[in-house]
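A short worksheet on the structure shown next.
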Amino acid sequence: MNKKIFSGVQPTGNLHLGNYLGAIKNFVELNNDKNNKCIFCVVDLHAITTKQDPLELKKNIRETVATFLASGIDPKKSIIFNQSMVSAHSEAAWILSCVSKIGWLNRMTQFKEKAGKDKEKASIGLYSYPVLMAADILLYDSSHVPVGDDQKQHLELCRDIAQKFNNDFNAPQFLKVPEPLIKKEFSRIMSLKDGLKKMSKSDPSDLSRINLTDDNDQIVNKIKKAKTDPMPMPESSKDLSKRPEAENLLGIYSSVTNNTLEKSIIEFQGKNFSEFKERLAEVLVEKILPISKEIKKLLNDSKYLDDIMLDGSNKAGIIATKKIKEIKLLVGF
Ligand code: AQP
């Protein structure tokens, strides 16, 4: 079956190993399958749901495009574009927010996590973020959305919004209900400092994540300092319960080497962490360093990156403009 793929990454800086293993690595595989039509979006409208410095944002938008390219997404095969350059996203988000229920949004755990204790001070944009995400996906009749495990709930909401719109406007199948593409294993990479916390761009500690722009020494140092427990490496996957850090590091190793967790456990069973960490740092350097070098090279050519975005935005704009016109007609505008 031909798949229409849509996914996005926020240009909020510090793209990390979690973004790579949970999302971008899958984007590359999907881009390489000629049966797929892929659209990868730099979701800058999402980025401003939390405060951004305008100059930093501009830099981060280019860095996100550079990361897509450096990771292996081919702009000749896939559309790479910038969300704010296609105004249909904002228009569709407003219309869809008028069919979405407050009760649905109140259940979103990401808002609760990101808004923290003082919800009253969070932006309205942060609260309605999942509706904009639904607009992004639905404008392109996307059939599949590759995301990390943390986005599962937003995808379910997107499906509900599509069905509600179709019902409200008596237009069965008009908005295509998308399927999530979430890898069964290693779809949630955890912080190197706390195996119970998601690896995240906004973690104040740089030691909590491997950035995709880290160099050899940074990667080696971060793995050396990664939190572990005093026990030797596990003998079987049963030994991993209550050992979140060991599970996370073994998961990272397995994902990077394309091995099963079981195989990785057998490779290191009974050894001490220092030996495992040395090998983990080696495979990470092998994987991440070429990407990091390519990102830095591409960032020296901002015109090239801007041209990719302009070309992608023109292509995406043609699809999205047609869809938003149809949406407006259905609504009665
Ligand atoms: N730790 C993670 N493990 C697996 N997948 C992850 N993703 C993010 N973190 C992990 C996936 O990366 C894609 C792009 O994410 P995003 O940039 O749009 O937003 P995010 O999920 O909010 O990223 P962060 O790092 O967690 O940012 P902050 O610190 O701002 O909260 C998505 O597919 C996501 O699932």
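The values are calculated or read from the model by the stated rules, or taken from the named source; none is laboratory data. None of these values were measured; they are calculated from a predicted model. Because the Cβ atoms are built from the backbone with ideal geometry, glycine has one as well, and the counts that use them run over all protein chains shown. Only protein heavy atoms, including side chains, enter the accessible area calculation; ligands, DNA and RNA are left aside. Shrake-Rupley method; radii C 1.70, N 1.55, O 1.52, S 1.80 Å.
A compact table of results
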item	result
Cα Rg, Dmax, the chain, angstrom units	20.5, 67
Members of LYS117/LYS222; LYS152/LYS197; LYS51/LYS325; LYS3/LYS101; LYS101/LYS121; LYS114/LYS242 lying beyond 24 Å, as alpha-carbon distances in this model show	LYS117/LYS222; LYS51/LYS325; LYS3/LYS101; LYS114/LYS242
Kirkwood Rh and Cα Rg combined as Rg/Rh, segment 286-333	1.34
Of the GluC sites (Glu not before Pro) in segment 221-293, those whose Cβ has at most 13 other Cβ within 10 Å and which sit in DSSP loop	GLU235
Per-q log10 I(q)/I(0), segment 206-297, q = 0.10, 0.15, 0.21 Å⁻¹ (Debye; single scatterer per alpha-carbon; no solvent)	-0.25, -0.55, -1.01
Assigned charges on the beta-carbon of Lys, Arg, Asp, Glu; the chain dipole about Cα centre (debye)	540
Interchain or long-range residues, amide H under 5 Å from GLY8's placed H	CYS41
Built amide H within the under 5 Å cut-off of LYS3, gap 5+	ASN36, LYS37
Considering only the chain, percent of DSSP beta bridges that pair antiparallel, nearest 5	10
Apportionment of accessible area to carbon and sulfur, segment 206-297, percent (1.4 Å)	51
Whole-percent pair-distance distribution, where bins are 5 Å wide, for the alpha carbons of segment 1-50	5, 20, 25, 22, 16, 9, 3, 1
Long-range HN-HN contacts of ASN82 with modeled amide H, under 5 Å	VAL42, SER313
Heavy-atom surface of the chain, accessible at 1.4 Å and reported per residue (Å²)	49
Isotropically averaged projected area of segment 1-111, using the convex hull of Cα atoms (one quarter of hull area), nm²	8.4
Carbon/sulfur fraction of accessible area - segment 1-77, other protein chains in place, 1.4 Å, %	51
